[in-house]
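Values quoted throughout were computed directly from the atomic coordinates according to the rules given, and no laboratory measurement underlies them. In this text the structure is predicted, and so the values were computed from the model without any measurement. Glycine gets a Cβ as well: all are built from the backbone with ideal geometry, and neighbour counts include every protein chain shown.
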């Protein structure tokens, strides 16, 4: 099934409105980029540590947040060390680390459904030329389609494995795309039949 | 935009998300595994056309920003838009649109060769033209170094352009979407 990266909890950060969290994140990142001073970076890092503590997220969650980027951070550190100075290498790497951790904090404390609700609330106030109903339909359709296409992909892969073709990208992609296009016609007909158009 | 257009956009957003779990292909002599996800970007443009293809990728990126782990390796959430590869995510959007635009332009005489050229132009030239400055900006390294670091991925992208072109030509023969009269089906 489709799950988001949300980690449940009942902290002030979990309860805050998604829109405010996004605004704060944006301000935080802008500040870190505009004010290039070590003190600013130190304040930023302490703020993030406090944020994780308030949200009740332990070092495990923090480690999970940064693990995919670890390799990239290491490369950046090495590149900076080679091109510039050790001091700048530490600074740039820590700053990127701070940005990634802050963004992950918002993601961990906000359900995807809360973001969807926020987006729809924003849409309801949008001018009339914005196709609100269609945007809402598209978002809810993707939620449904991802598990469906995943199941279709497994079927195609099983079938091609029987032919010894399960490592052949073309043999996997062509049937999957054609099936997807057929599904589009069926689903569109079903939606039209219920006169949503 | 008909209901069918919306359905196609949602389906290709989902298809590109599912491609994150495709078995990664490793080319001999190259240390970089090829994930299929940017193949989904090429296909969205090449099968759906500029507008629908671009919107499909935009929809996927919105869901990723909401915290769904839909990128390869289970990545997702807001942090991917701050990382060094964020330029490539923007590049996906532009590449899908560019590939779609070119495919529509050359639709009547679309062959495997022209489809490959379209995918290479949109999926490699356009994508890297946006992605590499992104790396340079976020990581604070000069453009030339960011370029050197990305070169290793180009052979894999060429393989994906070839696969995408083959799919585009097959789909044009068996189930064309671009070039239909609007509102059909």
* **Gain in span if fully extended, residue A:192 to residue A:83, counting 0.36 nm per residue against the direct Cα distance** => 33.3 nm
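Using Cβ contacts closer than 10 Å as the measure, can you line up B:11, B:90, A:32 from fewest to most? Intermediate results must be reported in sequence, preceding the final value.
Numbers: B:11 27, B:90 15, A:32 20.
Listing B:11, B:90, A:32 from fewest to most nearby Cβ atoms yields B:90, A:32, B:11.
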* To do: Give me a single rounded figure for A:182-190: the average over its residues of other chain Cβ atoms within 10 Å of their Cβ.
  => 5
* To the nearest 10 degrees, how steep is helix A:18-34 against the longest Cα principal axis of chain A, on a 0 to 90 scale? -> 50
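Rounded to the nearest 500, what is the 222 nm mean residue ellipticity of chain B from helices alone, with -39500 (n - 2.57) per DSSP H run of 4+ residues and division by all residues?
Working: 8 runs with 115 residues, N = 185.
One gets -20000 deg cm²/dmol as the mean residue ellipticity at 222 nm.
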* Per-pair calculated FRET efficiency, R0 = 56 Å: residue B:108 and residue A:11 via Cβ, rounded to 0.05 -> 0.40
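Give me the inter-chain shielding for A:104-117: mean count of other chain Cβ atoms within 10 Å, whole number please. Display every interim value, and only then the final one.
Working: counts 6, 3, 4, 11, 2, 1, 4, 2, 7, 2, 2, 7, 3, 0.
Taking the mean over all residues of the peptide, I get 4.
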* Asked: If we count other beta carbons within 10 Å of each Cβ, what is the order of B:157, B:108, fewest first?
  -> B:108, B:157
* Gain on full stretching of the segment that runs from residue A:132 to residue A:26 - 0.36 nm per residue minus C-alpha separation -> 35.6 nm
* Asked: In percent, what relative contact order does segment B:3-174 have, based on Cα pairs under 8 Å that are 6 or more apart in sequence?
  -> 25
* To do: Would you calculate the separation in nanometres between label points at residue A:178 and residue A:66, each defined as 7 Å from the Cα along the Cα-to-beta-carbon direction?
  => 5.0
* What residue among B:12, B:97, B:82 has the largest mean-square fluctuation in a Gaussian network model of chain B, using Cα springs under 10 Å? -> B:82
* Structure fact -> Asserting the computed 222 nm helical MRE of chain A (DSSP H runs at least 4 long, -39500 (n - 2.57) per run, divided by residue count, to nearest 500) equals -26000 deg cm²/dmol
* Asked: In terms of the Cα gyration tensor, with a ≥ b ≥ c the square roots of its eigenvalues, is segment B:1-125 rounded because a/c is under 1.5, prolate because a/b exceeds b/c, or oblate?
  -> oblate
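By the gyration tensor of its Cα atoms, with a ≥ b ≥ c the square roots of the eigenvalues, what is the shape of chain A: rounded for a/c under 1.5, prolate for a/b over b/c, or oblate?
oblate
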* **On Cα atoms only, tilt of A:38-54 relative to the major axis of chain A in degrees** => 60
* segment B:78-107-segment A:31-57 distance, computed between alpha-carbon centres (Å) -> 32
* Asked: Taking the Cα atoms only, what angle lies between the long axis of helix B:127-139 and the longest principal axis of chain B, rounded to 10 degrees?
  -> 30
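How would you rank A:14, A:37, going from fewest to most other Cβ atoms within 10 Å of each one's own Cβ?
Working: A:14 19, A:37 9.
If I rank by nearby Cβ atoms, fewest first, I get A:37, A:14.
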* Structure fact -> Shape call for segment B:51-109, from the Cα gyration tensor axes a ≥ b ≥ c (a/c under 1.5 means rounded, otherwise prolate when a/b beats b/c, else oblate), comes out prolate
